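What follows is one structure encoded as structure tokens, with my remarks underneath.
The values are calculated or read from the model by the stated rules, or taken from the named source; none is laboratory data. In this text, all values refer to a predicted model and were calculated from it rather than measured experimentally. As a convention, Cβ positions derive from the backbone with ideal geometry for all residues, glycine included, and neighbour counts pool all protein chains shown.
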Amino acid sequence: MNELIGKRALITGASSGIGREVALRFAREGADVAVGGRNAGRVDETCRMIVDQGGRAIPVVGDVAIAHEAQRIVLEAVQGLGGLDIVVNNAGIDANQWHDVADWPIDDFDNIIAVNVRGPFLIAKYSIPHLLEAGGGAMLHISSVCAVTVWAGDSAYDMSKAALNMLSDHIAVEYGARGITSNTLMPGVVRTALHEGVMDGMNDGRAFERVLLSRHPIGRFGTVEEIAEVAVLLCSGTAPFLTGANIPIDGGYSRV
């Protein structure tokens with residue numbers, strides 16, 4: 001406990017799933033948290049959960065894929081928290097129906113790339129100056145094992161996560177000497193609302209889920225708590241030499 005006392009963190013996509021658990025865990029570790037998301041009701045719910053456990057949180061509602069909204073999200077976080085030390089790019093989506101490459105609807109492809117690539121880029125673009133102003137800080141990007149493996153039919157999502165890894169790498173190289181670390185976590189399957197929506201949207205989703213389970217040598221899927229645990233380490237400042245890493249947290253999936 002208390003690994004993040006005095007830290008000011010912006011977490012996008014914190015209204016549910018991994019992002020919500022990271023926000024809750026960061027607050028328990030002493031951070032003040034700006035809770036990002038598109039759904040105001042769910043953002044407020046996360047903030048209430050943080051306050052109920054004794055933490056401090058402010059809501060920052062908006063769409064990270066829209067430039068002026070991403071800029072406002074960062075500005076509201078900075079103003080509300082008094083600065084930024086940590087940024088977690090967690091906001092992301094997948095399609096409820098998968099397609100082979102030639103059959104992908106262009107609008108669906110564009111939407112995934114907008115949220116999963118443009119969004120993190122914009123949040124990084126607008127937050128990096130504030131991290132530099134604070135003397136450095138940590139950026140963490142929630143990617144996916146799909147960045148380094150292929151899920152047939154899900155090319156848009158896989159491509160978006162590979163691009164997110166490269167964004168993180170560039171930040172690590174370009175800003176490392178100025179005190180900013182940048183890493184990605186690449187979870188395997190974690191039971192979240194996003195995962196359930198994808199499985200429910202597939203004709204054979206639960207059968208496919210069983211195949212996915214067989215690909216995890218550990219014998220189970222991950223939990224949001226396990227992702228948050230490693231997120232604390234990467235954002236606490238206790239491992240400053242760890243930067244530019246794309247870290248699988250996947251129960252061995254990427255090694256099968």
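In contact with a Pro (Cβ under 6 Å, 6 or more places away or on another chain), crowded, with 16+ Cβ neighbours inside 10 Å and closer than 22 Å to Ile18 by Cα, is that true of Met186? Give the derivation first.
Values: in contact with a Pro (Cβ under 6 Å, 6 or more places away or on another chain): yes; crowded, with 16+ Cβ neighbours inside 10 Å: yes; closer than 22 Å to Ile18 by Cα: yes.
Criteria met by Met186.
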Single residue of Ala114, Ala177, Ala193 found to be touching a residue at least 60 places away in the same chain (Cβ under 8 Å) and either on the phi < 0 side of the Ramachandran plot or touching a His at 6+ places or on another chain (Cβ under 8 Å) (or both): Ala193
Among what's in segment 238-250 and is at pLDDT 95 or above and surrounded by 13 or more Cβ atoms within 10 Å (Cβ to Cβ), pick the residue that is nearest to Glu225 (Cα to Cα). Ile249
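So which helices (runs of 4 or more DSSP H) are wholly in segment 183-256 and hold at least 3 residues that are closer than 22 Å to Arg8 by Cα and among the charged types (D, E, K, R)?
Values: elements: 193-201, 205-214, 224-235.
Fully inside segment 183-256 and qualifying: 224-235.
Go through segment 43-57 and count every residue that is surrounded by fewer than 21 Cβ atoms within 10 Å (Cβ to Cβ), on the phi < 0 side of the Ramachandran plot and not in a helix (DSSP H, G or I). Steps first, please.
Step one: list which residues in segment 43-57 are surrounded by fewer than 21 Cβ atoms within 10 Å (Cβ to Cβ), which gives 44-45, 48-49, 51-56.
Those still in the list that are on the phi < 0 side of the Ramachandran plot too: 44-45, 48-49, 51-53, 55-56.
Now restrict to residues that are not in a helix (DSSP H, G or I): 53, 55-56.
Summing the residues that are surrounded by fewer than 21 Cβ atoms within 10 Å (Cβ to Cβ), on the phi < 0 side of the Ramachandran plot and not in a helix (DSSP H, G or I) in segment 43-57 gives 3.
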Positions within segment 1-42 being without any contact (Cβ under 8 Å) to a residue 60 or more places away in the chain, within 16 Å of the chain's Cα centre (by Cα) and crowded, with 24+ Cβ neighbours inside 10 Å, in sequence order: Ser15, Ala23, Val33, Ala34, Val35, Gly36, Gly37
